[in-house]
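Take a look at the structure set out below.
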Amino acid sequence: MSALLEVQGLGKRFGGLVANLDITFAIAPAQIIGLIGPNGAGKTTLFNCIAGFYPPSEGHIIFDGREVTGAAPDKMAMLGVARTFQLVRTFSTMSALENVTVATLLHDKRLSIARERAMQALEFCGLSRRASVVAANLTVAEQRRLEVARALGLEPKLLLLDEMMAGLNPAEVQEAVALVGRIQSRGIACLIVEHVMEGIMPIADQIVVLDYGRKIAQGTPAEVRQDPAVIAAYLGEA
Amino acid sequence: MIKRINPFLVVFAAACAAPLVVTNPSHQNFLILVMMSAQLGVAWNILGGYAGQVSFGHAAFFGIGAYTSTLLLIQFGVSPWIGMVAGGTVAMIFALLIGWPCFKLKGHYFAIATIAVAEILQVVFTNWTSVGSAVGLSLPMQQEGLKAFVFNASKLPYYYIALGLLIGTVLAARTIERSFLGHYFRAIKDEPEAARSVGVNLTRYKLVAISVSSFLTAAGGTLYAQKELFIDPASVMATSLSVKIALASILGGVGSLFGPVIGAGILTSIEEVTRQIFGGSGRGTDLILYGLIILVVAVYYPNGIVGGIKAWGERLAGREPGSESGR
């Protein structure tokens, strides 16, 4: 099976600060990859490079067989890469339905059709009853799900989820885990940045571990858990 | 469902019939001034309200509209009606050229850049002898009638032209509000980064907003020139005019369809009343009041009068303000 996304030797510097260095990995269609690492490991930077928000300093990003290194975010959305934000960025004055409609308009500029598709995305994320509520008045958990619904409204092939479980209670984490499962069963690949280990470990096919901007390990959740380098990164050298 | 009378049609009918009741020419002139500044407010709102790109340089577009149609008329005898479209087009091209670099700036920096651009344009026109420089341009008034766009005997035709232009501008804003553009503009205003992530090309859609906004503003400039039959940089390109255009929207309700109309009504009243009370010696009194209004609106009613009324109505209805979307 050919890869959906290939990241090859990716590096990103901000002035003298090296945020990412020589990162290489691939995602297959409908695969779930977890991206973990201590704070400041460069997870969100890597994310922003893939989503087109930062142009990489070196390396290549190949999506769906096409070189997309340095492509703008709206171009990436068009090609099939959708994302959520670590700090929720819903369109706060717009209703939940309108939030998702902005995304579904990508493929069809007719409002009636875009609204219909947006409603389906809301339903998929369990938000249909909150469709007319202004985003600013939703709970944090609902806002995170709204971001997922909005991202799904793009009908992506790859979904980048940035700490979607942060700040959620255990019941909400379980809901989020179930939602990711349903997304995967639709054939959408997911790259998930997560700190909540009980959220990511059961669902990820592969885990990529970053530390100080470099990839220090990759494997199944069970393998990664045993990896001495990973343990050292999280707990410190003995 | 109960069939309701469209409030828009009621206002329209009232506006059409108003000159039958308001027969005093100076009162009619007041209504014309209200509609002209309302039209500019609605046009500004497309860029500043919906798309959230606050401009304090709209006098540049207004002036370009006024100068283009006037120069075409004086130099080549082109009908002001054609001049109006030409002026809009020139303003649009100017807006695209200016917008391209300025839209790289965010928030306040964009607003500052628009002030600078309008200011530069005013200086250029003040010193450009072949367009009349600071002396200004007088328009020919010998020919009268609809074709010439000049009416000396009665101001009434200007009333209906201003009303027509206002309605056209409101309809344009309404069409945008209810199309995908309305969603895109509001998304850009709320969260530009998130808008990019769902495929909205920020620069492209900001340029769409400024094109429509500048075209309509320039059309208002041509109407002003034909009504006053005299233009100079100080009257059609002044920064105070830019502020007034923006203020109509900010006071009435940024991003609402009729907010700028209400705002324009209030501002024009202030302007006329202070002129009557203080006369020439009190010049600038209206500007002091504008300053106060900006303060009060910014602190207590950030969503303007329309936003304030909406929140009030929702509170009366026993709902949490903003719990349901108005649109």
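All of the numbers you see were taken from the coordinates with simple rules; none came from a lab. Everything numeric here is computed off the predicted structure, so don't read it as measured data. Cβ coordinates were reconstructed from backbone atoms using ideal geometry, including for glycine residues, and neighbour counts include every protein chain displayed.
Couple of notes before you dig in:
- Computed over region B:23-238, relative contact order equals 44 percent, with contacts defined as Cα pairs under 8 Å that lie 6+ residues apart.
- Amide hydrogen proximity for A:Ala19: with H placed 1.01 Å from N in the peptide plane, the residues at 5 or more positions away or on another chain lying under 5 Å are A:Lys12, A:Arg13, A:Phe14.
- The simple Förster model, with R0 at 25 Å and r as the Cβ-Cβ distance, assigns A:Arg225 and A:Ala178 a FRET efficiency of 0.65.
- Largest GNM mean-square fluctuation among B:Ile188, B:Ile305, B:Ile294, using chain B with Cα springs under 10 Å: B:Ile294.
- Theoretical FRET efficiency, 1/(1+(r/R0)^6), r = Cβ-Cβ of A:His60 and B:Ala234, R0 56 Å, to 0.05: 0.45
- Check: chain A dipole with +1 on Lys, Arg Cβ and -1 on Asp, Glu Cβ, in debye: 660
- Derived from the Cα gyration tensor, the three semi-axes of the equivalent ellipsoid of the protein assembly as shown are 54, 26, 20 Å, largest first.
- Across region A:66-100, the residues whose backbone nitrogen lies under 18 Å from the label position 7 Å along the beta-carbon direction of B:Thr203 are A:69-78.
- Considering only A:Val224, A:Ala114, A:Val208, the residue lying farthest towards the positive end of the dipole of chain A is A:Ala114, judged by Cα position with unit charges set on Cβ.
- Taking the charge dipole of chain A about its Cα centre, with +1 at Lys and Arg Cβ atoms and -1 at Asp and Glu Cβ atoms, the residue from A:Cys190, A:Gly9, A:Val134 reaching farthest to the positive side is A:Val134.
- In a reduced charge model with +1 at each Lys and Arg Cβ and -1 at each Asp and Glu Cβ, the protein assembly as shown shows a dipole moment near 1260 debye about its Cα centre.
- Positive-end ranking of B:Ile210, B:Gly199, B:Ala238 along the dipole of region B:174-245, with charges on Cβ about the Cα centre, is headed by B:Gly199.
- Among A:Asp205, A:Asp211, the order by Cβ neighbours within 10 angstrom, fewest to most, reads A:Asp205, A:Asp211.
- With a Förster radius of 45 Å applied to the beta-carbon distance between B:Asn24 and B:Ala116, the computed FRET efficiency rounds to 0.60.
- Mean partner shielding of peptide B:298-310, defined as the number of other chain Cβ atoms within 10 Å of each residue Cβ, is 0.
- When only the Cβ of Lys, Arg, Asp and Glu is charged (+1, +1, -1, -1), the dipole of region B:23-238 relative to its Cα centre reaches about 440 debye.
- For B:Lys206, the lysines whose Cα comes closer than 18 Å to its Cα, not counting residues fewer than 8 places off in the same chain, are A:Lys75, A:Lys109, B:Lys104, B:Lys106, B:Lys189.
- GNM result for chain B, Cα springs below 10 Å: residue of B:Arg315, B:Arg186, B:Arg174 fluctuating most strongly: B:Arg315
- According to the calculation over all Cα-Cα pairs in chain A, the P(r) per 10 Å bin from zero is 8, 32, 36, 19, 4, 0, 0 %.
- Given chain B, longest segment not containing exposed loop GluC sites (Glu not before Pro) (DSSP; at most 16 other Cβ within 10 Å): B:145-323
- Only helices enter the 222 nm calculation for chain B: every DSSP H run of n ≥ 4 contributes -39,500 (n - 2.57), and dividing by all residues gives -23500 deg cm²/dmol, rounded to 500.
- Each 5 Å bin from 0 upward holds the following percent of the Cα-Cα pairs of region A:96-177: 3, 17, 27, 24, 18, 8, 3, 1.
- The ranking of B:Tyr159, B:Tyr50, B:Tyr109, A:Tyr212 from fewest to most other beta carbons within 10 Å of each one's beta carbon is B:Tyr109, A:Tyr212, B:Tyr159, B:Tyr50.
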